[in-house]
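A.B. asks: Structure provided below as structure tokens; questions to follow.
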Amino acid sequence: MNHLSELLSRLSTAENIVIFTGAGVSAESGIATFRDPGGLWAKFNPAELASADGFMANPERVWGWYQYRRNIIDESSPNAGHFAMAQMQKMWHRATVITQNVDRLHQKAGARGVIELHGNIIENHCFECSEPYLDEIDLSSNKNPQCGCGGMIRPSVVWFGEMLPALAMKKAEISAMKSEVFFSIGTSAEVYPAANLPILAKENGAYVVEVNPNETAISDYMNLCVRENSAEFLPKLLIEYKKFLNK
Ligand code: OAD
């Protein structure tokens, strides 16, 4: 049996499937990844732009960068990979989408119950009291947005050095441990604790599949590595799966 037919056969019997994603799944929507050549961390300094210390040191710089990224994300649309993953969730109703992405493109494509490990770039909250901030961010006044409590408003993304949202992480770990097929798609798997999820799934018996044009830190742990872009491979996988069921 070749690897693809083994995957199709496992998908046809699996009760629990996990789709774990990273920045690569949004590459074809025009959103830059972080660690690819020319990616965000090749041009920008994460310590300055994605840490609480960087924010406290220069909130204007951090806000400018997030508003720049927000504008790109606002104008972007889900790609064929996002739609295929939403379709996979409909087909396998026990498929859980776990993402490190902050762009909400999975939800725009119709995915349900998406577990967001790194927050989202759409919303804002108070740095001090955590109260959500619902007003528009207007940087033209040159004033940093402030909460009623006097705290500074920040984007609702998780920064380096911060804890992941506890409930999201717990749900993600439980889903990974229960999964029979676990997809790791478009992530370099270099940022922990999220990157531990594929390993946790494998240790608990899942068949783990990486979809990524490049080798990653966890490729050696995978049962199957598909060296293709997600927007190309996932729609093909759905077609192959339907053929497999009709055999
Ligand atoms: P990375 O930029 O580290 O990795 C992106 C991965 O996507 C790479 O392994 C690429 O080979 C792969 N890739 C590129 N194009 C692809 C395509 N079309 N289809 C499939 N894969 C493709 O992004 P993440 O792994 O998501 O954290 O990074 C994890 C975290 O690091 C991010 O959530 C972010 C960053 O710092 C925070 O912002 C907290």
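A.B. asks: Give me the residue from the stretch 112-143 that is part of a loop (DSSP other than H, G, I, E, B) and in contact (Cβ under 8 Å) with a residue 40 or more places away in the chain and, out of that set, surrounded by the most Cβ atoms within 10 Å (Cβ to Cβ). Give the steps one after another, and end with the answer.
C.D. replies: Initially, the stretch 112-143 is screened for residues part of a loop (DSSP other than H, G, I, E, B), giving 112-114, 117-118, 127-131, 134-138, 142-143.
Now drop any that are not in contact (Cβ under 8 Å) with a residue 40 or more places away in the chain, which leaves 117-118, 127, 137, 142.
Numbers: 117: 23, 118: 21, 127: 19, 137: 14, 142: 7.
Selected residue: 117.
A.B. asks: If you don't mind, there's one more thing I want to ask. Going through the stretch 188-206 one residue at a time, which ones are farther than 18 Å from residue 163 by Cβ, in a loop (DSSP other than H, G, I, E, B) and either within 12 Å of the ligand (Cβ to nearest atom) or open to solvent by 10 Å² or more (accessible area, probe 1.4 Å) (or both)?
C.D. replies: 188, 189, 190, 204, 205
A.B. asks: Within the stretch 89-111, track down each residue that is basic (Lys, Arg), under 15 Å from the mean Cα position of the chain (by Cα) and assigned to a helix (DSSP H, G or I).
C.D. replies: Of all residues in the stretch 89-111, those basic (Lys, Arg) come to 90, 94, 104, 108.
In the following step, the residues that additionally are under 15 Å from the mean Cα position of the chain (by Cα) were identified as 104, 108.
The one that is basic (Lys, Arg), under 15 Å from the mean Cα position of the chain (by Cα) and assigned to a helix (DSSP H, G or I): 108.
A.B. asks: Scan 160, 183 and give me the residue that is in contact with a strand residue (DSSP E or B) (Cβ under 8 Å, 6 or more places away or on another chain) and either hydroxyl-bearing (Ser, Thr, Tyr) or buried (at least 22 other Cβ atoms within 10 Å of the Cβ) (or both).
C.D. replies: Every option except 183 fails the conditions.
Yes/no matrix, rows are residues, columns are (1) of a type in the set (Asp, Glu); (2) crowded, with 21+ Cβ neighbours inside 10 Å; (3) at pLDDT below 95:
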site: 3; (1), (2), (3): no, no, yes
site: 16; (1), (2), (3): no, no, no
site: 19; (1), (2), (3): no, yes, no
site: 22; (1), (2), (3): no, yes, no
site: 34; (1), (2), (3): no, no, no
site: 38; (1), (2), (3): no, no, yes
site: 50; (1), (2), (3): no, yes, no
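A.B. asks: Tell me, yes or no, whether the stretch 65-73 has at least one residue that is open to solvent by less than 70 Å² (accessible area, probe 1.4 Å), free of Cβ contacts under 8 Å to residues at least 24 places away in the same chain and under 23 Å from residue 108 (Cβ atoms).
C.D. replies: Within the stretch 65-73 (the criterion being open to solvent by less than 70 Å² (accessible area, probe 1.4 Å), free of Cβ contacts under 8 Å to residues at least 24 places away in the same chain and under 23 Å from residue 108 (Cβ atoms)), the answer is yes, since at least one residue qualifies.
A.B. asks: Please state which one of 171, 242, 236 is buried (at least 16 other Cβ atoms within 10 Å of the Cβ) and among the charged types (D, E, K, R). Even if it seems obvious, please write down each step before you answer.
C.D. replies: Values: 242 fails: buried (at least 16 other Cβ atoms within 10 Å of the Cβ); 236 fails: buried (at least 16 other Cβ atoms within 10 Å of the Cβ).
Just a single option satisfies the conditions, and that option is 171.
A.B. asks: Residue 97 passes all but one of (1) touching a Gly at 6+ places or on another chain (Cβ under 8 Å); (2) within 23 Å of residue 62 (Cβ to Cβ); (3) β-branched (Val, Ile, Thr); which number fails?
C.D. replies: So residue 97 meets the others, but not (2).
The values are calculated or read from the model by the stated rules, or taken from the named source; none is laboratory data. Since this is a predicted model, take the numbers as computed values, not measurements. Quick reminder, even Gly has a Cβ in these numbers, built from the backbone with ideal geometry, and neighbours come from all protein chains shown. Side chains included, ligands, DNA and RNA excluded: accessible areas come from the protein's heavy atoms. Shrake-Rupley method; radii C 1.70, N 1.55, O 1.52, S 1.80 Å.
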